[in-house]
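Just below is one structure, and these are the notes that go with it.
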Amino acid sequence: MFLKINTIFAIIFIFGTLICTIKPQPGPPVVDETTRWKKCFPTNQSIYDFQVETLQGEYTDLSQYKGQVLLIINVATFCAYTQQYTDFSPLIEKFNSKGFTILAFPCNQFYLQEPAENHELLNGIKYVRPGNGFKIHKNLHIYGKLEVNGENQHPLYEFLKDTCPGTINQIGKREELMYNPIRQNDITWNFEKFLVDRNGFVRYRFHPTAWSHGQVLTPFLNKLLAESYKA
């Protein structure tokens, strides 16, 4: 059974690679843009007011992360930015003792780059992309698939977008965006990020290109980790 699973995911990986070589990679070019971030608006509402679905189909409160600095990311397996996964564990390890956690939310709205069902997602990360037996850090929490834009957008993402202005003026190519309606403040692509402070208030928003192996976020992380939790 284990060999069969590996074979299936190997076939998926080869197929995905062939597609990438035949067609230009969709979405924003994979570059490092240090200036593509925005400060969020002050608000009395926190992410602790929201529930999200686990990979097992159960619902859980985000209030369980009180006192933690959080990085919220929408992810996809067949995206050029998926290699950012390899930076997550080193980033967590660097700040783990200070109370830092990453929450990842798979989404299939950008060129259908996350076709897996919830029960398939972890194997996709382990055997496809990044693959090679990739180990998921205990403080990288991967939740069930959701929609970040459009008429069925998850309430959490509606709140995040309402609280934080967009990082660029242009969303993307219409044929690559699998949702309606399109709004100016939409999530632009996979691996867009939000930094949340210890009290659940969202503070910063980052375009997928504002990364550089996590170095773009580091000054902001240091700032939020130095702040205290108000119980």
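The values are calculated or read from the model by the stated rules, or taken from the named source; none is laboratory data. Quantities reported herein were computed from a predicted structural model and do not represent experimental measurements. Please note: Cβ atoms are built from the backbone with ideal geometry, for glycine as well, and neighbour counts cover all protein chains shown.
Would you confirm whether or not region 65-79 contains a residue that is within 10 Å of ASN139 (Cβ to Cβ) and more than 12 Å from the chain's Cα centre (by Cα)? Taking every residue of region 65-79 in turn, at least one turns out to be within 10 Å of ASN139 (Cβ to Cβ) and more than 12 Å from the chain's Cα centre (by Cα). Scan region 91-102 for residues that are assigned to a strand (DSSP E or B) and not β-branched (Val, Ile, Thr) and the total you get is 1.
Against the condition crowded, with 17+ Cβ neighbours inside 10 Å, at pLDDT 95 or above and on the phi > 0 side of the Ramachandran plot, how does TYR111 come out, does it pass? Show your work before the answer.
Details: crowded, with 17+ Cβ neighbours inside 10 Å: yes; at pLDDT 95 or above: yes; on the phi > 0 side of the Ramachandran plot: yes.
For TYR111, the condition - crowded, with 17+ Cβ neighbours inside 10 Å, at pLDDT 95 or above and on the phi > 0 side of the Ramachandran plot - is met.
When region 209-231 is filtered for residues that are closer than 24 Å to GLU158 by Cβ and either in contact with a Ser or Thr (Cβ under 7 Å, 6 or more places away or on another chain) or basic (Lys, Arg) (or both), only ALA210 remains. Residues considered: PHE88, PHE105, PHE78, PHE41. Of these, the only one that is in contact (Cβ under 8 Å) with a residue 24 or more places away in the chain, surrounded by 20 or more Cβ atoms within 10 Å (Cβ to Cβ) and part of a loop (DSSP other than H, G, I, E, B) is PHE78. Against the test of being under 30 Å from TYR111 (Cα atoms) and either modelled with pLDDT of 95 or more or not in a loop (DSSP other than H, G, I, E, B) (or both), the options GLY27, GLY57, GLY67 yield a single qualifying residue, GLY57. The helices (runs of 4 or more DSSP H) found wholly in region 113-231 and carrying at least 3 residues that are under 20 Å from THR77 (Cβ atoms) occupy 121-127. Cβ-Cβ distances below 8 Å connect the following pairs, each with a first residue in region 210-231 that is in contact (Cβ under 8 Å) with a residue 12 or more places away in the chain, a second residue that is of a type in the set (Val, Ile, Thr) and surrounded by fewer than 17 Cβ atoms within 10 Å (Cβ to Cβ), and a separation of six or more residues or different chains: ALA210/THR34; ALA210/THR35; SER212/THR34; VAL216/THR34.
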